[in-house]
Amino acid sequence: MGETKTYSGSCHCGKIRFEVTADIAKASACNCSICTRTGWLMASVPLEAFRQLSGKESQVDYQFGSKTMHHLFCSTCGIRAFGSYATDGQEKVVVNLRCLDGLDVDALELQKFDGKSY
Ligand SMILES: [Zn+2]
């Protein structure tokens, strides 16, 4: 086990700001059609571990395919800092680890996630 920490994160222009409290030891690289284009490294956390601080009004919700996932991106800078989905009645937030301050994503164990199949 690693260490549970609170990380702050943002989109590029800073309109969208959030915090996530989690033990982030692994990064998932997803092979779905959107993540391959954007180069996401992600981690999924329960909704309770996530707090959006600002920028809801600047967010665009993009959905495709099975539309299970809300791909939220900033209308100003285009960065998709996180997204949300529900599974088995539980709301989850998928965070773009590259948007977190002070997290060395290169130090994390890299896992492959087969999002293409969902
Ligand atoms: Zn932005």
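Hey, which of these cross-link pairs are over 27 Å Cα-Cα: Lys5/Lys112; Lys15/Lys92; Lys5/Lys56; Lys5/Lys116? Exceeds cut-off: Lys5/Lys116.
Taking Thr76, Thr68, Thr87 in turn, the Gaussian network model of the chain (Cα-Cα springs below 10 Å) assigns the largest fluctuation to Thr87. Placing a pseudo-label 7 Å from each Cα along the Cα-to-Cβ vector at Gln63 and Arg98 gives an inter-label distance of 2.6 nm. Given R₀ = 25 Å, what would the calculated FRET efficiency be for Ser8 paired with Arg37, taking r from the Cβ atoms and rounding to 0.05? Calculated transfer efficiency: 0.45. Across the options Gly83, Val94, Gln63, the greatest Cα extent toward the positive end of the charge dipole of region 58-109 (unit charges at beta carbon of Lys, Arg, Asp, Glu) belongs to Gln63. A Förster distance of 25 Å, applied to the separation of the beta-carbon atoms of Thr21 and Asp88, puts the FRET efficiency at 0.70.
Heavy atoms of the protein chains alone define the surface here; on that basis region 1-104 has 55 Å² accessible area per residue at 1.4 Å probe size. Radius of gyration over Kirkwood radius for region 4-117, both on Cα atoms: the Rg/Rh ratio is 0.92.
The values are calculated or read from the model by the stated rules, or taken from the named source; none is laboratory data. As the structure is a computational prediction, the values presented were derived from the model and not from experiment. So basically every Cβ, Gly included, is an ideal-geometry build from the backbone, and we count neighbours across all protein chains shown. Accessible surface is based on the protein model in full, side chains and every heavy atom, while ligands, DNA and RNA are left aside. Shrake-Rupley method; radii C 1.70, N 1.55, O 1.52, S 1.80 Å.
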